[in-house]
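Here the structure comes first, spelled out in structure tokens, and everything after it is commentary.
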Amino acid sequence: MYFYKNEFVHKQDIQISPDDRGYYFGDGIYEVFRVYNGQIYEGAAHMQRLERTASEVRLSLPHTSDEILTILNKLIGHNNLIEGTVYLQITRGEAPRAHPFPTQAVPIVLAYCSEVKRPLATIQNGINAVTQPDIRWLRCDLKTLNLLPNVLAKQAALDHGVQEVVLHREGTVTECSASNLMMVKDQVLYTHPANHLILHGITRAVVLRIAHALQIPVKEESFTTEQLLQADEAFITGTTVEITPILQIDGQSIGSGVPGPTTQKLQAEFERTFLNQNTP
Ligand code: PLP
């Protein structure tokens, strides 16, 4: 079952208009939620980010956050989803193609669930990456449908035979195509500050909270690709990838080229956050 225009419907019964501004302009916003043991993980944080993005792009949400979470929980129930993701998208509505905000259009909500297993192999064994210029706009903090640069970046990674790209602006590392990036150097955890140049990842925030709890020093400071290549450890964070170690960047090993001790400590504690959440 899907949720579309205020109804729970089968996918084959959904009719999408070509006038949906999501198609013409990418004029919409979205969130991807993780579901562990049938429950949404960090739902309130995702809703806060959605509300912020909506407000920044001047899109009025047709439901309150509580109403949206209720809809998503019903969706999870209808689909008997235990482990997976929920995709939520809200476009500015349907109107003949013209740049100005339409006066009549009503925002359109689409949501559906996918059964997605935790990527345990890469979480344990790590991935490789290549560096690429970050060609995105200057509001990367907004989770909008304009993902073409991210799509191109991800494809460039696959074309190079690796799983992710490390994006940089004139040598300053920002994040990855669909995840945030952290590095460890001399026992200190570094990550780009949460400003307009990166998405303020929910997993990033959880990992920073865990690091504080474990008394791992954290510096939310930018660093260069050269500094990253000299790091002791590096990993990405994201709703679906959780904490995934990066072993090599541009063919060069990071640290000893295996998942590092700080990464593994954070991973173990991260697992506890969602195991605890779902303990009755
Ligand atoms: N950065 C980008 C560009 C992303 O697309 C995502 C997630 O999709 C993230 C970071 C990680 O954010 P989160 O931890 O909220 O999934």
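Given the residues 77, 93, which is the only one that is at pLDDT 95 or above, surrounded by fewer than 20 Cβ atoms within 10 Å (Cβ to Cβ) and among the small types (Gly, Ala, Ser)?
77
Before we move on, is residue 134 buried (at least 21 other Cβ atoms within 10 Å of the Cβ), over 25 Å from residue 260 (Cα atoms) and not small (Gly, Ala, Ser)?
Yes.
Quick one: is residue 68 surrounded by 14 or more Cβ atoms within 10 Å (Cβ to Cβ), out of contact with any Phe, Trp or Tyr (no Cβ under 6 Å at 6 or more places or on another chain), outside the structural domain of residue 142 (by TED's automatic domain parsing) and at pLDDT 95 or above?
Yes: the conditions hold for residue 68.
Do you know which residues across segment 96-125 are out of contact with any Lys or Arg (no Cβ under 9 Å at 6 or more places or on another chain) and either crowded, with 17+ Cβ neighbours inside 10 Å or of a type in the set (Gly, Ala, Ser) (or both)?
Passing the criteria: 98, 111, 113, 114, 121, 123.
Given the options 214, 197, name the one that is in contact with a Lys or Arg (Cβ under 8 Å, 6 or more places away or on another chain) and under 23 Å from residue 124 (Cβ atoms).
Within the list 214, 197, the selection yields 214.
Quick check on this structure: which one of 216, 210 is crowded, with 17+ Cβ neighbours inside 10 Å and either at pLDDT below 95 or under 21 Å from the mean Cα position of the chain (by Cα) (or both)?
Exactly one residue qualifies, and that residue is 210.
When you check residue 112 against the structure, is it under 21 Å from residue 26 (Cα atoms), of a type in the set (Phe, Trp, Tyr) and in contact (Cβ under 8 Å) with a residue 60 or more places away in the chain, yes or no?
yes
The values are calculated or read from the model by the stated rules, or taken from the named source; none is laboratory data. Remember, it's a predicted structure, so these values are computed and weren't measured experimentally. We place every Cβ from the backbone using ideal geometry, glycine too, and count neighbours over all the protein chains shown.
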